[in-house]
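Read through the structure below, which is laid out as structure tokens, and then see the notes.
The values are calculated or read from the model by the stated rules, or taken from the named source; none is laboratory data. What you see is a predicted model; the values in this text were computed from it and never measured. Every residue, glycine among them, receives a Cβ derived from its backbone with ideal geometry; neighbour counts consider all protein chains shown.
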């Protein structure tokens with residue numbers, strides 16, 4: 001049954017109409033709308049804040065909103081709930097998952113730590129993981145502060161970095177700290193190859209390449225800059241180049257084109273015609289966002305014991321990042 005206020009079959013209904021209705025509903029619900037950098041343009045355009053997952057969660061914490069509509073993937077909405085326990089957190093599509101997060105189920109990590117208790121691991125978990133994994137970690141990191149967090153790790157403990165092996169390898173290169181790496185990847189970022197980036201550089205020889213550290217070593221070696229999505233924004237603003245090749249999920253290009261209209265941004269290509277879009281990120285739509293906020297579901301909930309345990313390594317990260 002279609003909820004009142006929605007008529008998906010109407011030929012007269014436009015995206016503009018629905019966006020206006022969503023914003024009106026936001027006011028009625030006293031909600032804040034968050035959209036990750038990789039979301040579809042329609043959701044970025046109606047959001048109060050657009051950015052990376054952790055930054056968005058803290059932006060929401062600064063508001064007096066009762067409801068957070070998080071247009072992103074499941075682990076991101078969980079992070080928002082960890083940081084905003086008194087607010088209702090709504091996700092447009094509950095099936096919007098993440099290949100990287102799902103590569104490290106909390107029960108598998110717990111089993112691994114039990115089986116390797118003799119290693120006395122200090123667990124550093126990239127923010128792109130579930131609440132259950134965060135609850136098992138000693139500290140969280142982002143792609144922007146991973147260097148600093150790894151350098152601050154106790155010298156007398158072995159480090160286990162989860163779940164992204166490419167980000168972990170990049171941090172090892174930069175810090176010189178030896179770490180054991182969980183064998184997880186983002187399926188989007190590993191689609192970019194040295195061959196595909198080499199070919200696009202031939203087409204745009206004067207365009208610098210900026211790549212995300214979740215890409216493979218071969219791609220990172222060809223990049224002029226390797227950094228987080230937020231630092232990509234800064235790089236593109238400060239670069240004198242008029243054309244820039246951006247090697248990350250294609251959703252970021254919408255924000256880049258809005259904020260830096262005088263430059264041309266070229267999406268990083270792949271060898272197999274893959275469009276560089278995350279199928280999970282693109283599960284969220286304007287229609288689903290409206291429906292979710294209308295019904296205030298699906299709501300993200302966490303057992304309080306898990307939420308509290310997951311909050312500790314996030315707070316430790318903030319302390320170490322000062």
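Just a few scattered comments:
- If you go through segment 89-122 and pick out every residue that is under 20 Å from the mean Cα position of the chain (by Cα) and either within 16 Å of residue 300 (Cα to Cα) or in contact (Cβ under 8 Å) with a residue 40 or more places away in the chain (or both), you end up with 15.
- Residue match in segment 174-182 (condition: part of a helix (DSSP H, G or I) and either crowded, with 22+ Cβ neighbours inside 10 Å or touching a residue at least 24 places away in the same chain (Cβ under 8 Å) (or both)): yes
- Of all residues making up segment 133-173, the number that are part of a loop (DSSP other than H, G, I, E, B) and out of contact with any helix residue (DSSP H, G or I) (no Cβ under 8 Å at 6 or more places or on another chain): 5
- Some residue of segment 284-302 being modelled with pLDDT of 95 or more, part of a loop (DSSP other than H, G, I, E, B) and over 18 Å from residue 73 (Cα atoms): no
- The residue list 136, 91 contains one member that is crowded, with 19+ Cβ neighbours inside 10 Å, in contact with a strand residue (DSSP E or B) (Cβ under 8 Å, 6 or more places away or on another chain), closer than 19 Å to residue 157 by Cα and at pLDDT 95 or above, which is 136.
- Residue count, segment 94-107 (criterion: crowded, with 23+ Cβ neighbours inside 10 Å and touching a strand residue (DSSP E or B) at 6+ places or on another chain (Cβ under 7 Å)): 2
- Breaking point among (1) surrounded by 21 or more Cβ atoms within 10 Å (Cβ to Cβ); (2) at pLDDT below 95, for residue 144: (1)
- Residues of segment 236-264 classified as farther than 20 Å from residue 186 by Cβ, touching a strand residue (DSSP E or B) at 6+ places or on another chain (Cβ under 7 Å) and surrounded by fewer than 20 Cβ atoms within 10 Å (Cβ to Cβ), total: 5
- The single residue among 218, 153, 207, 211 that is under 16 Å from the mean Cα position of the chain (by Cα) and at pLDDT 95 or above turns out to be 211.
- Members of segment 225-249 that are touching a residue at least 40 places away in the same chain (Cβ under 8 Å) and closer than 19 Å to residue 200 by Cα: 226, 245, 247, 248, 249
- For segment 32-39, the criterion of being surrounded by fewer than 21 Cβ atoms within 10 Å (Cβ to Cβ) and either touching a strand residue (DSSP E or B) at 6+ places or on another chain (Cβ under 8 Å) or touching a residue at least 60 places away in the same chain (Cβ under 8 Å) (or both) is met by no residue.
- Taken together, the residues in segment 201-219 that are surrounded by fewer than 21 Cβ atoms within 10 Å (Cβ to Cβ) and part of a helix (DSSP H, G or I) amount to 5.
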